[in-house]
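K.L.:
Okay, handing you the structure first.
Only the coordinates and a few stated rules stand behind these numbers; no lab work does. The structure displayed is predicted, hence computed values, not measured ones. Cβ sites come from the backbone with ideal geometry, for glycine too, and all protein chains shown count toward neighbours.
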Amino acid sequence: REVVAISLSLFDRYLATLRNRCNGSTALLASLTTLHIAIKVHEVRKVKLTTLANLSRGQFGARHIEEMEWKVLTALQWHIHPPTAMAFLSHLLLLLPPQVNDASKEEIYALSRYITELSVCDANFVEVSPSAVAFSAVLNTLEDRRYRRLISNSMRDQYLRAIAMHVGLRVEDAEVVGARPKLKRLLASSLGSVDGSLGGDGGGGAVAMSAAMAQQQQQQQGTQQQQ
């Protein structure tokens, strides 16, 4: 999942160097290439170039990806370790008060990560800083009806002060204010919920979230098996 976020970051930044002027074939080749770079650098298990080339349905071969790889690396000046929202999320949650037990931290992390991952393929978040996306996901989780029980108001305030002091992110930041409702809508769409809350009658929202996350995990495992 992190590899997908990194690949899309590389892809967006490469297209920016072209001033977003390219045809569909170039965009396809660039997307395959940035995925290849992300897997090669950030994954232990590798994917053959021919496997990636097959995704183009005969438009490109391994040689084309290798040639584009050099173009991408040169254009990005070899800056291929972008900070992603999911990376920021892990660091932000380290600042949760020590009074929050491990089980609660796991629950907060699970939903926050799910929300964060929903933003990866949404064009509305291309120009939103990854740290703001991650922070917005955490805020939405902590304010959800089912998740308020995991952390008291005093601990939440303590956490927000720590974030402001050590990270410089605040609830009232423009990026955060803009990102939060968009993330809520993505979650609502993902779960088929009206308001994006997981606190529906009988815990149905939580069940829906668990099912959605399980399905996403199964899809990922299926992709790895094919590789």
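K.L.:
Through the Karplus equation 6.51 cos²θ - 1.76 cosθ + 1.60, θ set to phi - 60°, convert the phi angles of the range 113-121 into ³J(HN,Hα) values in whole Hz; use x for Gly and Pro.
P.N.:
5, 4, 4, 4, 5, 5, 7, 4, 9
K.L.:
Grab the Cα-Cα distance for V171 and N153, subtract it from 0.36 nm times how many residues apart they are, and report the gain in nm with one decimal. Don't skip to the end; give the middle numbers.
P.N.:
Values: separation 18, 0.36 × 18 = 6.48 nm, distance 1.47 nm.
Computed gain between V171 and N153 is 5.0 nm.
K.L.:
Amide H neighbours of F60 under 5 Å, at least 5 residues apart or on other chains, H built in the peptide plane: list them.
P.N.:
none
K.L.:
Identify all aspartates and glutamates with a Cα-Cα distance to K48 below 18 Å; exclude those on the same chain that are fewer than 8 residues away in sequence.
P.N.:
Excluding near neighbours in sequence, the set is E66, E67, E69.
K.L.:
Could I ask something else about it? Taking the Cβ of V171 as the center, what net charge do the other residues with Cβ under 12 Å away carry, scoring Lys and Arg +1 and Asp and Glu -1?
P.N.:
On the way: positive: R156, R161, R170, R180; negative: E143, D157, E172, D173, E175.
For residues surrounding V171, the net value is -1.
K.L.:
Let me ask something else. Given points 7 Å out from each Cα along the Cα-Cβ axis, report the L55 to L28 separation in nanometres with one decimal.
P.N.:
1.3
K.L.:
What does the charge count around A162 come to, taking other residues whose C-beta lies under 14 Å from its C-beta (Lys +1, Arg +1, Asp -1, Glu -1)?
P.N.:
Numbers: positive: R156, R161, R170; negative: D157.
Net charge around A162: +2.
K.L.:
Take V41, project a point 7 Å from its Cα along the Cβ direction, then tell me which residues of the range 68-106 have their backbone nitrogen under 14 Å from it.
P.N.:
In the range 68-106, the label zone of V41 (backbone N under 14 Å from the point 7 Å along Cα→Cβ) covers 69-84.
K.L.:
Of the listed peptides 167-175, 130-138, what is their order by residue-averaged count of other C-beta atoms within 10 Å, with the highest listed first?
P.N.:
Values: 167-175: 13.2, 130-138: 26.2.
In descending order of packing, they fall as 130-138, 167-175.
K.L.:
Also, quick follow-up: Residue by residue, what Karplus-based ³J(HN,Hα) values in Hz, rounded to whole numbers, does the range 134-142 have, using 6.51, -1.76 and 1.60 with θ = phi - 60° and x for Gly and Pro?
P.N.:
Computed from phi, the couplings for the range 134-142 are 4, 5, 5, 5, 5, 4, 5, 5, 5 Hz.
K.L.:
Here is a further query. Find how much the distance from K71 to A123 grows on full extension, using 0.36 nm per residue of separation minus their present alpha carbon separation; answer in nm with one decimal.
P.N.:
On the way: separation 52, 0.36 × 52 = 18.72 nm, distance 2.40 nm.
16.3 nm is the gain from fully extending K71 to A123.
K.L.:
Stretch E106-E143 to full length: gain in nm at 0.36 nm per residue minus the Cα-Cα span? Intermediate results must be reported in sequence, preceding the final value.
P.N.:
Values: separation 37, 0.36 × 37 = 13.32 nm, distance 1.61 nm.
Result for the pair: 11.7 nm of gain on full extension.
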